[in-house]
Amino acid sequence: YLGQGALILMDPSTSYRPFYSMVPQGPILYAVIILATLATIIASQALITGAFSLTQQAVRLGLFPRVKIVHTSEEVEGRVYIPFMNWLLALSCIAIVMMFKKSTNLAAAYGLAVSGTMFLTSLVFFYVCHFRWRWPLWTALPLVTAMLFLDGAFLAANLEKVPDGGYLPLVIGLFFFASMVIWQFGRSKLSKFYKERSKTLDAFYDEIDERKVRRIPGTLVVLSSNENKVPPVLRRLVDAVHVIHEHLILVTVLTDDEPYVSEKERVKVSDLTHGVTRVLVHYGFMETPDVPAALCRTAFTEGRVFPKDEALYLLGKETFIVDSVRMHERIRQMV
């Protein structure tokens with residue numbers, strides 16, 4: 001970058017193609033073109049890999065909707081492929097190429113994207129230093145101030161390019177930021193809803209005894225994300241039919257950090273009160289969960305009886321209902 005800047009200062013006519021103008025004409029120019037093409041391919045692969053990794057982390061943190069994540073390596077958990085993000089990147093790149101037509105027209109967007117990312121990274125770095133690593137202000141502030149001074153100079157110089165294409169990274173960033181904020185808002189509301197309506201097992205059966213809910217023969221398998229509470233979907237079932245099965249199996253599926261989990265360590269069973277069995281099923285990140293098969297194998301090895309063909313499975317579905325006609329409420333429901 002400094003070399004291109006020096007070249008433009010010496011000869012302003014090279015501002016149209018400063019990178020290739022630095023290279024002498026002849027065979028060396030073609031070699032540099034090949035090198036630049038290879039560097040572009042490597043850079044695009046880094047972009048794709050980074051997008052996959054950030055999406056996976058956002059999903060785990062509850063900041064992005066759940067999408068299909070395919071693990072491609074048994075050794076490295078973070079090596080993933082996300083079909084949704086792959087197609088989104090492909091279609092977005094095609095649309096941007098058709099919109100801007102020339103790579104030179106993307107210079108403003110690229111410059112603002114890079115300088116904006118550098119500036120935000122410095123701000124986040126200060127937060128991590130001071131609030132996570134517990135650095136004192138007199139240590140963190142001078143370092144980050146120097147970084148922000150340099151990054152801020154680049155960002156300020158690129159702000160004037162917003163009308164010339166710099167708006168593109170701003171629009172993309174605003175779209176993903178709004179989506180993540182709305183999703184996190186909805187997830188927090190849902191978590192609060194579950195926390196208020198989820199009861200402990202003893203409290204749930206005390207309520208059943210008070211209401212004189214009838215126990216019927218059979219086995220009911222209920223999937224629950226919280227291994228210490230009764231899921232609200234079970235309460236809704238009791239409210240609707242006023243009966244509950246004699247044998248209740250509460251199943252929680254957990255994904256470990258290992259690619260595979262041995263059959264010996266896969267299932268952990270705890271017999272609770274009121275004819276309830278708590279089952280924790282562990283799977284590796286390379287495995288596909290199969291709850292019925294895991295229950296059958298566990299019942300066989302421990303000498304238990306699990307009526308696979310007769311057991312009923314209760315699954316819950318989350319549906320958001322907006323009671324307002326305001327536009328921002330409708331957008332939240334769509335997300």
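Throughout, read-outs are computed from the coordinates displayed, never taken from laboratory work. These numbers come from a predicted model, not from an experiment. Cβ: placed from backbone, ideal geometry, glycine included. Neighbour counts: every protein chain shown.
When the helices of the chain are scored as -39500 (n - 2.57) per DSSP H run of n ≥ 4 and the total is divided over every residue, the value at 222 nm lands at -18000 deg cm²/dmol. In this label model, TYR110 and PHE131 are separated by 3.4 nm, measuring between points 7 Å along each Cα→Cβ vector.
For segment 1-101, what relative contact order do you get, as a whole percent, if you take Cα pairs closer than 8 Å and at least 6 residues apart?
Details: 52 pairs, mean separation 14.6, N = 101.
Relative contact order for segment 1-101 comes out at 14 percent.
Based on Cα contacts under 8 Å between residues 6+ apart, segment 200-314 shows a relative contact order of 28 percent. With contacts taken as Cα pairs under 8 Å and at least 6 residues apart, the chain reaches a relative contact order of 12 percent.
What are the membrane-span-like helices in the chain by this rule: whole DSSP H runs, Cα extent along the axis at least 24 Å, mean Kyte-Doolittle hydropathy at least 0.5?
Working: long enough: 27-60 (50 Å, 1.39); 83-100 (26 Å, 1.96); 107-127 (30 Å, 1.47); 137-159 (30 Å, 1.57); 167-197 (45 Å, 0.46).
The answer, listed by residue number, is 27-60, 83-100, 107-127, 137-159.
Summing Lys and Arg as +1 and Asp and Glu as -1 over all other residues whose Cβ lies under 15 Å from the Cβ of ARG215 gives a net charge of -2.
Using the Cβ atoms and a cut-off under 11 Å, what net charge is assigned to the surroundings of ILE249, where Lys and Arg are +1 and Asp and Glu are -1? Display every interim value, and only then the final one.
Values: positive: ARG278, ARG304; negative: ASP271.
Local net charge: +1.
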